[in-house]
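The values are calculated or read from the model by the stated rules, or taken from the named source; none is laboratory data. All values reported here derive from a predicted model rather than from experimental measurement. Cβ placement follows ideal geometry from the backbone for every residue including glycine, while neighbour counts extend to all protein chains displayed. Side chains included, ligands, DNA and RNA excluded: accessible areas come from the protein's heavy atoms. Shrake-Rupley method; radii C 1.70, N 1.55, O 1.52, S 1.80 Å.
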Amino acid sequence: MTDLADRQKLSYIAAQAADARLNVELETEGMTLNIGPQHPATHGTLRIIVRLDGEQVVWAEPSAGYMHRGYEKLTEVRTFPQVTALVNRIDWLGSFANEVPFILAAEKLMEIEAPPRAQWIRTILFELSRIANVGLFLGDLGVQLGAVTPVFMAFRDREHVLNLIEGATGGRFHPNFDRIGGLKDDLPAGWIAETKQVMKKLRNFCTEMEDLLFGNEIFQSRLRGIGVIPAEVAKQYGLSGANLRASGVDWDLRRDQSLPLAYDKVDWKVWTHPDGDSFARCWIRLQETRESTLIVDQLLDTMPSGPIMAKVPRIIKVPEGEAWVSTENPLGEMGYYVVSKGDLGPFRVKIRSASFNNISIVPWVLRGVYVPDVISILASLYFILGDIDR
Amino acid sequence: MAAPKKPQVPGLLKGLGVTLNTMAQTLKPRKLGGGSATVQYPHEKETPPLRARGVIALREDNCTSCMLCARSCPDWCIYIEGHKELAPPRRAGGAPRKVNKLDRFDIDYALCMYCGICVEVCPFDALFWSPEYEYSEPKIADLLHDKTKLGEWMETVPEAPALEAGAEKKKGK
Amino acid sequence: MLAVDLPYWAQSLLRVLGGTVAVLLPAGTIVYLFLFKMMSFMQSRLGPMEAGPYGSMQLFAEVGKWLQKEDLAPDGADKRIYRMAPLVVLVSTFLLVAVVPFGPDAYFTNFDAGVFYMLAVSSISTLGILMAGWSSANKYSLLGGLRAAGQLIAYELPMVLAVLGVVIQAGTMNLQQIVVKQNSDSIFGWDGLGNPYILTQFIGFAIFMIAVQAELTQTPFDMPIAESELVSGYMTEYSGFRFLIFFIAEFATAGVFSLIASVLFLGGWGVPFSWFGWDAATGSVDNWMNVAGPIIMITKMMVLSGIIMWVRFSYPRFREDQLQRFAWKVLIPVSLLNIMLTAILKVAF
């Protein structure tokens, strides 16, 4: 690991030297290249300004906000049930996972807890949205590196997961299924058996990805030793999720905090990787997808029976107070700081979304790399535009 | 991971194998469990699940124009107008009843974000989800469905699906 | 050498028509069979199905679409060069096909320095790509054009060296004679297969195919286009008709290089002569080979371009510096070794 960190330092020094050399030796100018706001590699409208010396990046800065939708302000004029329909759209690939921390924060303020069956189903849907999200990442990774086939395989198998989510909640992308005190509805008949089959297909998909992408020597040579983030730097920049675990930090909010979710009832593993390079970040995500399918399988087997809704008044008024709840979302730590004044809606909500913090490391990690590596590093950091701009 | 080293197939060849395998799977006839993952949409259609939130149907008789749905809609896409009317009394000789008559009930699907809050808050079971999804229009203004059109969707509303084992019996809708 | 004596203009016309068919037909088939269908099947989908039976008319629909689009040029572009660039790329394809023999008498030209000519002409496309990249007045195009130039020059060399092995073994640079040699030779006295050079020159064949993949800028080596990095590389600003020409050139060149590879390594238009008891020395090859030859050639070409496309759909791409390193540090030394080995064996036997 130190070897890789040293390499990162050396390339940083090289970049600084190149920057100084630019105008002196050859009387050349650096080229400023706008990667984005409209660029195939930015999954939306992120703009990254890079200054190039040849193909080497001398300086880079992300410029976010092209898709800012003002969710924090919008929540102030919405009632609590309406906010869940809204926050669905933050990380649009794993939308159910956005609802959970908000609902948990509201429940914390109201001092109620969802019944066990609701907790179980919440956890299952949480993991399904993680699979839908990260599964697509695995395919998208291929596209960023020039392989066209993996993304279609990812879409093919993600479709099964979306069908499951739609079967249970009614919404493919935006379930809006979580309610304060429980869930909107119980699972439809036959859902558990179907889910088990789909989980098998997804494990098969993970193996396929290992063969097609991760085992490929070209793929490895593109990602190994590229974009190394040492653990200390990762912590300083507030990275979370797989990006942090890939730097060797054993930190997973699913395990490290006790929330009314069913994670402590199943046997699972937090994957870490010592390298901290792009390959480690992608590899961690692949392993986590497989781990998630195993979690879902175990939860399906141990699902308790009973109600899915605690006793809550029909018109929800959250008592005065403040609460912070964060969970391990597909992209990293996502949290809501909810301030309530006892009204129908929250007084103020602060949203901590994972991607915003994850891309804050871009200026640091992009220095000294080549243009093709810019793309692979951005792909491996894995951000979703809605999650950055909110 | 740290399994004993077996003679490994190079990853490059394995990748070629995966794509070839997928091609064989796609070319295999549907009867034998093969076939493509996609369907040729206008010719064959997938059936959405019963709970799918496709379009909102309105049972006009149940609606009392109480405006709960319109008020709880996060993007205000429901427009309701109504007036009070005197109806003949239930029993002979009684006082005439006051009933709410619905004049206008429009949902603008160009604005709707399919969250389902309106269906949920309706206290009189007047709104339902239907999995029907083929109602796109060339003109965006035609996405405003009025109460007759919303009433027609009632035919496509399915029975609520049976629940998974272990679920509690539900009261009401 | 044609059986009927045609006037010069008629011969020229026939050659032009033949050349057009030989470039466009493989391009169309490759696009439909591999790009539309094989790729789709590898991705669990069916590909185009609406235009014509099984989407077979899709290509015509696409061409129609491109022809309708406006032929745009950016404001800052060097307009004349910008307009010329796609044509330069396509011309190199036409020049290449001129030298490929399709049968004992079915060829466009037949001259002794065929291999030399082929290698020289194939570099013209580099010029076109560089022109496109530089004249577009677009940073992505510029980067793509520079990458393309570096890459094509780097891979020209292993290609030349790989072909050298064949030339040493055949003792001629005439492509027609290379074909005859392969089909009439024997391996250690056994002439059941002739002597297709893929057997004796397998290293050369592998290097040649890798270099072809790079020359064509197909996927493991597609940095000049690299749609996730450089949007579309040197093609970024092109639209309509001129983009269509780039597109045709890409796949036509794939077809022509497959033709050349089958001439050099797979025995070209011939089948092993011993099967029919032909004698190469007297040139007693039957006339019907002029009809069967092109069909055999096309079959071999389809197999080779199928492999090129299969690799393209399965692999991610290299990085620019890795690609250069691979060319200079692996391919060129190996091909030099191959030449040495071939020369020693040639002298020894």
Between C and A, accessible area buried - total, square angstrom, nearest 100, 1.4 angstrom probe: 2500 Å²
Using a probe of 1.4 angstrom, how much of the accessible area of chain A is carbon and sulfur, in percent? 53 percent
Per residue convex hull volume, Cα only, chain B, in Å³ is 272 Å³
Cα gyration tensor category, rounded, prolate or oblate, for region C:86-169 with a/c compared to 1.5: oblate
Considering the convex hull of the alpha carbon atoms of chain A, report its projected area averaged over all viewing directions, in nm², one decimal. 18.9 nm²
Can you figure out the FRET efficiency of B:Lys31 with A:Ala189, using R₀ = 35 Å and their beta-carbon distance, to the nearest 0.05? 0.80
Distance from a point 7 Å along Cα→Cβ of A:Thr45 to each backbone N in region A:363-390: keep the residues under 13 Å and list them by number. A:385-386, A:389-390
Would you be so kind as to list the residues of region B:37-57 that have their accessible area lowered by at least 40 Å² in the full protein complex compared with their chain by itself (1.4 Å probe)? B:Ala37, B:Gln40, B:Pro49, B:Arg51, B:Arg53
Which of A:Lys184/A:Lys311; A:Lys235/A:Lys269; A:Lys311/B:Lys98 exceed 24 Å between C-alpha atoms? The answer is A:Lys311/B:Lys98
Computed over chain C, Cα set: Rg, Dmax in Å: 20.8, 67
Which residue fluctuates the most in chain A, going by a Gaussian network model with Cα springs under 10 Å, if the choices are A:Asp91, A:Asp185, A:Asp211? A:Asp211
Hits among aspartates and glutamates - C-alpha to C-alpha of C:Lys37 under 16 Å, sequence gap 8 or more where chains match: C:Glu50, C:Glu62
Chain A: DSSP helices with Cα axial extent of at least 27 Å and average Kyte-Doolittle hydropathy no lower than -0.5: A:2-24, A:116-144, A:149-169, A:278-301
Pick out, from C:Met223, C:Met84, C:Phe243, the residue whose Cα sits farthest towards the positive end of the charge dipole of chain C, with +1 on the Cβ of Lys and Arg and -1 on the Cβ of Asp and Glu. C:Met223
Let me spell out the model: positive unit charges on the Cβ of Lys and Arg, negative unit charges on the Cβ of Asp and Glu, origin at the Cα centre of chain B. What dipole size does that give, in debye rounded to 20? 840 debye
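For C:Leu199 and C:Phe276, what does the FRET efficiency come to when R0 = 25 Å and r is the distance between their Cβ atoms, rounded to the nearest 0.05?
0.75
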P(r) over all Cα-Cα pairs of region C:1-75, 5 Å bins from 0 to the longest distance, whole percent per bin, short to long, reads 3, 13, 14, 15, 12, 12, 10, 10, 6, 3, 1
Could you state the accessible area per residue of the protein assembly as shown in Å², with a 1.4 Å probe and every protein chain left in place? 43 Å²
How far apart, in nm, are the 7 Å Cα→Cβ label points at B:Leu143 and A:Asp267? 5.1 nm
Classify region A:60-168 as rounded, prolate or oblate from the Cα gyration tensor: take a ≥ b ≥ c as the square roots of its eigenvalues, call it rounded if a/c is under 1.5, otherwise prolate when a/b beats b/c and oblate if not. oblate
Solvent-accessible area, 1.4 Å probe, carbon plus sulfur percent, for region C:86-174: 80 percent
How large is the Kirkwood hydrodynamic radius of region B:55-156, in angstrom, based on all distinct alpha carbon pairs? 14.6 Å
Between A:Leu294 and B:Asn21, how many nm apart are label points set 7 Å from Cα along the C-beta direction? 2.0 nm
In region A:191-254, which trypsin sites (Lys or Arg not before Pro) are in a loop and have at most 15 other Cβ atoms within 10 Å, using DSSP for the loop call? A:Arg224
Within 10 Å of each Cβ of C:319-325, how many other protein chain Cβ atoms are there on average? 4
Using Cα-Cα distances under 8 Å and only pairs 6 or more residues apart, what relative contact order does chain C have, in percent? 24 percent
What is the angle, in °, between the Cα long axis of helix C:139-170 and the longest principal axis of the Cα atoms in chain C? Nearest 10 is fine, range 0 to 90. 0 degrees
So which of A:Lys200/B:Lys14; B:Lys84/B:Lys149; C:Lys69/C:Lys300 end up more than 26 Å apart, counting from Cα to Cα? C:Lys69/C:Lys300
Over region A:71-355, what is the relative contact order in percent, taking alpha-carbon pairs closer than 8 angstrom and at least six residues apart? 28 percent
Rounded to the nearest 0.05, what FRET efficiency is calculated for C:Phe116 and C:Asp75 with R0 set to 35 Å and r the Cβ-Cβ distance? 0.25
From phi via Karplus (6.51, -1.76, 1.60), per-residue ³J(HN,Hα) for region B:53-69 in Hz, x at Gly/Pro: 8, x, 8, 8, 9, 10, 9, 5, 4, 7, 6, 10, 6, 7, 6, 4, 5
Nearest 100 Å² is fine: what is the total accessible surface buried where chains A and B meet, probe 1.4 Å? 3000 Å²
Largest fluctuation, C:Gly19, C:Gly255, C:Gly267 only, Gaussian network model of chain C with Cα springs under 10 angstrom, belongs to C:Gly19
For region C:71-348, with the dipole built from +1 on Lys and Arg beta-carbon atoms and -1 on Asp and Glu ones, taken about the Cα centre, which of C:Ile203, C:Ile295, C:Ala327 lies farthest toward the positive end? C:Ala327
How far, in degrees from 0 to 90, does helix C:58-68 lean away from the longest principal axis of the Cα atoms of chain C, to the nearest 10? 50 degrees
Peptide-level mean, for A:149-156, of C-beta atoms on other protein chains within 10 Å: 6
Max mean-square fluctuation residue, GNM over chain C, Cα-Cα springs under 10 Å, options C:Val121, C:Val63, C:Val212: C:Val63
For region C:71-158, size of Cβ-based charge dipole, Lys and Arg +1, Asp and Glu -1, in debye: 340 debye
Farthest toward the dipole's positive end in region B:1-99, which of B:Gln25, B:His83, B:Pro96, given Cβ charges of +1 (Lys, Arg) and -1 (Asp, Glu) about the Cα centre? B:Gln25
Degrees, to the nearest 10: C:240-265 long Cα axis against longest axis of chain C: 20 degrees
Yeah, the protein assembly as shown with a ≥ b ≥ c from its alpha-carbon gyration tensor (a/c under 1.5 is rounded, else prolate when a/b outruns b/c, oblate otherwise) is prolate
Candidate aspartates and glutamates for bridging to B:Lys31, where Cα separation is under 18 Å - those fewer than 8 sequence places away on the same chain excluded: B:Glu44, B:Glu46
Surpassing 19 Å at the alpha-carbon level, of the pairs A:Lys108/A:Lys265; B:Lys101/B:Lys147; A:Lys73/A:Lys108, are A:Lys108/A:Lys265; A:Lys73/A:Lys108
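Per residue of A:167-178, what is the mean number of Cβ atoms on other protein chains within 10 angstrom of that residue's Cβ?
Partner-chain Cβ atoms within 10 Å, mean over residues of A:167-178: 5.
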Would you mind computing, in nm to one decimal, how far apart the modelled labels at B:Glu155 and C:Asp105 are, each placed 7 Å from Cα along Cα→Cβ? 7.4 nm
On the accessible surface of region B:32-160, probed at 1.4 Å with all protein chains in place, carbon and sulfur together account for a percent value of 55 percent
